[in-house]
1. I need the phi-derived Karplus couplings for the stretch 93-98: 6.51 cos²θ - 1.76 cosθ + 1.60, θ = phi - 60°, integer Hz, Gly and Pro marked x.
2. When all protein chains stay in place, what accessible area (Å², nearest 10, 1.4 Å probe) is found for F80?
3. Based on the mean of other beta carbon atoms within 10 Å per residue, what is the order of 13-20, 98-105, most packed first?
Amino acid sequence: MIYELKSFDVWTVARTVFIIALIIHLLLGLTGSVLIMFGLSAMNSVWDDSDTIYEESSPEDSKMPLLIIFIFVVSIGLSFGYMILSAIVTLIYNKMSGIVGGIEVDLNELSQIKKTKLLPKAPKAPEEEESLS
């Protein structure tokens, strides 16, 4: 069977891209910020020649809440950008597939693949026990 993908639903593609991009940006942003913060604190301890970096810093001096808010805002903004871009690309694909045709998918090839069959093994004959006499 040959199927032709003539159009995609724009809203479905856009929201799927938004959710996937948001998850990826949040994971990368939070992981990267944690690594950068550890790297900066390690470099500060090397430059200051002290091991008391954790005692010197207080929660009031920390920039972590501001950094987390910044990561969320940037992640949401980039995800909206990717959502708009994917909606535009989907609209272009829908218009072009109406003119020249869509992507053809042949599903017959899956049925032509040989499947291996599992055959049960014949039971092994029990070995005769040698009697010690």
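The values are calculated or read from the model by the stated rules, or taken from the named source; none is laboratory data. For clarity, every value in this text was computed on a predicted model and none was experimentally measured. Note that each Cβ is placed from the backbone with ideal geometry, even for glycine, and that neighbours are counted across all protein chains shown. Note: accessible area is taken over every heavy atom of the protein model, side chains too, but ligands, DNA and RNA are not part of it. Shrake-Rupley method; radii C 1.70, N 1.55, O 1.52, S 1.80 Å.
1. 4, 4, 5, 5, 6, x
2. 100 Å²
3. Final packing ranking: 13-20, 98-105.
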